[in-house]
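One structure is given here, and the rest of the page talks about it.
The values are calculated or read from the model by the stated rules, or taken from the named source; none is laboratory data. Keep in mind it's a predicted model, so treat the numbers as computed, not measured. So basically every Cβ, Gly included, is an ideal-geometry build from the backbone, and we count neighbours across all protein chains shown. Keep in mind that these areas ignore ligands, DNA and RNA; they rest on the heavy atoms of the full protein, side chains included. Shrake-Rupley method; radii C 1.70, N 1.55, O 1.52, S 1.80 Å.
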Amino acid sequence: PAPTPTPDHAPPPTTQSTAEPRSPDLGPPPLARPVVILYGDSLAWEARHVFEDTLTAHPDVDVVTRTFGGTAICDWLETMAADALSMQPGAVVVEFSGNNFTPCMLDASGAAVRDDALVDRYRADAESVIAMFVRNGTQVIFAGSPTASPDSDRPLLNEMYERLADEHDGVSYVDAGAAVLDQGRWTATLPCLPAEPCEGGVDAGGESVNAVRAPDGLHFCPASADAVDGVTGACPVWSSGAFRFGAAMAAPVIAGLDAAG
């Protein structure tokens, strides 16, 4: 696998954006520049090729993916700052579901941050992402993750990302995780989509389905081994969950490209 990003850098300042709260959403704005970057953890890593392929209808767009399992926003802040200057992307999609495995997610005692402290850390780092990109005219799209098991609630980070989108111009939120849920609830299978292989048999009602979640409940590959510190391997079979999630992350980018004509 690709090496993990260096996590022991000092993150950029977390100064809050000075932009006024955005006006009511009238649809995605046109993409200013034809460069799109996807940043994310294992969920985005599983879906990265689908994200790229979904954008191939726009051949003039350069798509860059920077994803690795087990990482958090803070692992990528240094890379993001360099990308903001060198690539000046038209849009960035940011998907992180709450990992706390890497050194930048440790507290002063060396323990992994959790609960409210974890949400606070992610919010501060998300504010840094907004500050470094929006000031250069880059659209920031935060992508929500799906619930992790049948008895889990909606991820707290999704609510935080959604609030940031409401508070800042140039920032939006897409509930990409909903693409692998059944009306907001965790499910192991979903009806097959017309554009995918149908390999999951039939459900109790006789409808053809595909598996959309991995055995661990969180990831997508129906045949994956357990993730180690958030890192999962390549999927040896069709991954309908990754297909749906990657397309959902790309959807607001496509809308912006279409708006630009």
Subject >> Dipole magnitude of the chain about its Cα centre (Cβ charges: Lys, Arg +1; Asp, Glu -1), debye to nearest 20 >> reply: 300
Original post:
What spacing in nm lies between the two simple spin-label points modelled at Val64 and Arg135, each 7 Å away from Cα in the Cβ direction?
Top reply: 1.9
**OP:** Read phi for every residue in segment 79-95 and hand back ³J(HN,Hα) as whole Hz from Karplus 6.51 cos²θ - 1.76 cosθ + 1.60, θ = phi - 60°, with x for Gly and Pro.
**Re:** 5, 4, 4, 5, 5, 4, 7, 7, 9, 6, x, x, 8, 10, 10, 10, 10
Subject >> Once exposed loop GluC sites (Glu not before Pro) are cut out (DSSP; at most 15 other Cβ, 10 Å), longest piece of the chain >> reply: 1-198
Subject >> Cα-centred dipole magnitude for segment 202-261, charges only on beta-carbon of K, R (+1) and D, E (-1), debye, nearest 20 >> reply: 100
Original post:
When the C-alpha atoms of the chain are aligned to their principal axes, what extent does each axis show, in angstrom, from largest down?
Top reply: 54, 52, 34
Original post:
So what is the accessible area of segment 50-90 per residue, in Å², with the probe set to 1.4 Å?
Top reply: 41
Original post:
Between Ala225, Ala178, Ala131, which gets the highest mean-square fluctuation from a Gaussian network model of the chain, Cα cutoff 10 Å?
Top reply: Ala225
**OP:** Return the calculated 222 nm mean residue ellipticity for the chain, to the nearest 500 deg cm²/dmol, obtained by summing -39500 (n - 2.57) across DSSP H runs with n ≥ 4 and dividing by the residue count.
**Re:** -10000 deg cm²/dmol
Subject >> Estimated distance in nm for a label pair at Arg154 and Glu196, the labels positioned 7 Å out from Cα along Cα-to-Cβ >> reply: 2.3
Original post:
Out of residues 5 or more away from Ser172 or on other chains, whose amide H comes under 5 Å of its own, with H placed 1.01 Å from N in the peptide plane?
Top reply: Val140, Ile141, Phe142
**OP:** Over the chain, with every protein chain in place, what whole percent of the accessible area is carbon and sulfur at 1.4 Å, could you tell me?
**Re:** 54
Original post:
Within the chain, what's the longest stretch lacking trypsin sites (Lys or Arg not before Pro) that sit in DSSP loops with no more than 15 other Cβ atoms inside 10 Å?
Top reply: 136-261
Original post:
Relative contact order (percent) for the chain, with alpha-carbon contacts under 8 angstrom and 6 or more residues of separation?
Top reply: 23
Original post:
Between Val237 and Ala117, what length in nm is gained on full extension when 0.36 nm per residue of separation is reduced by their alpha carbon distance?
Top reply: 39.5 nm
Subject >> For segment 114-199, diffusion coefficient by Stokes-Einstein and Kirkwood Rh (Cα), 20 °C, 1.002 mPa s, µm²/s >> reply: 147
Subject >> Farthest positive-ward along segment 109-261 dipole, Cα basis, beta-carbon charges - from Phe142, Ala250, Pro215 >> reply: Ala250
